[in-house]
């Protein structure tokens with residue numbers, strides 16, 4: 001294999017799921033899955049758009065839009081995360097850099113307020129400085145499910161019914177909101193198996209100053225960032241995103 005498996009087939013309960021989001025850490029590292037970099041021309045356009053921006057409105061980026069489409073596709077139907085490198089945020093004040101981040105994030109979705117009663121589709125983060133340790137551990141939920149199908153099929157009804165950690169909709173598998181909180185629970189055999197499998201599949205990335213990380217919350221679970229002030233964060237709702245159970 002010379003790249004991440006990009007095959008996508010309709011998913012069904014109790015069966016192995018064929019989905020690009022079902023990656024494993026070593027292959028993700030080896031083939032640079034989800035890793036992108038702004039070109040010099042793109043940075044110039046972003047800088048010029050930021051000079052014209054006064055608020056957190058979407059930045060006008062007609063030439064960068066081609067890359068943004070690729071990133072949105074990678075989030076929805078690809079590996080489920082992207083890291084975009086190369087933003088020279090050191091040249092801006094903190095407030096200006098936040099406007100830049102918000103303006104870029106708005107191309108992916110609308111902010112979800114803390115009082116909104118909905119699960120965010122995408123988590124967006126921008127790192128103020130490089131971080132080797134303490135960055136979010138990315139956990140491929142599709143791979144977790146496939147490992148449980150392979151090794152603990154007896155527990156699948158508990159994952160799907162009792163605890164509702166996973167769900168299916170229109171041929172897509174999703175990790176449901178309870179899956180993230182279940183990472184630290186050990187009160188049943190099913191939850192212990194889930195947490196153990198997730199821990200074994202954690203993928204760590206060393207982040208650089210100005211890195212933007214975008215996560216599809218339906219297929220990538222992630223642990224909290226330590227320290228939280230090392231980045232700025234937005235939760236986003238995306239119109240017409242991956243089909244998910246209600």
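Just so you know, all these numbers are worked out from the coordinates, no wet-lab data involved. Every value quoted in this text rests on a predicted model; they were computed, and no experiment measured them.
Of note:
- Under a Gaussian network description of the chain, with springs only between Cα atoms under 10 Å, the residue in 219, 112, 144 that fluctuates furthest is 112.
- Normalised by residue number, the volume inside the convex hull of the Cα atoms of the chain is 133 Å³ per residue.
- Rounded to 10°, Cα long-axis angle of helix 189-200 versus longest principal axis of the chain: 40 degrees
- Computed lengthening from residue 70 to residue 181, 0.36 nm per intervening residue step minus Cα-Cα distance: 36.9 nm
- Kirkwood Rh and Cα Rg combined as Rg over Rh, evaluated for the stretch 118-194: 1.03
- Whole-number D in µm² s⁻¹ for the stretch 180-246, Kirkwood Cα-pair radius fed into Stokes-Einstein, 20 °C, 1.002 mPa s: 147 µm²/s
- For the chain, the antiparallel share of DSSP beta bridges with both residues in that region comes to about 90%.
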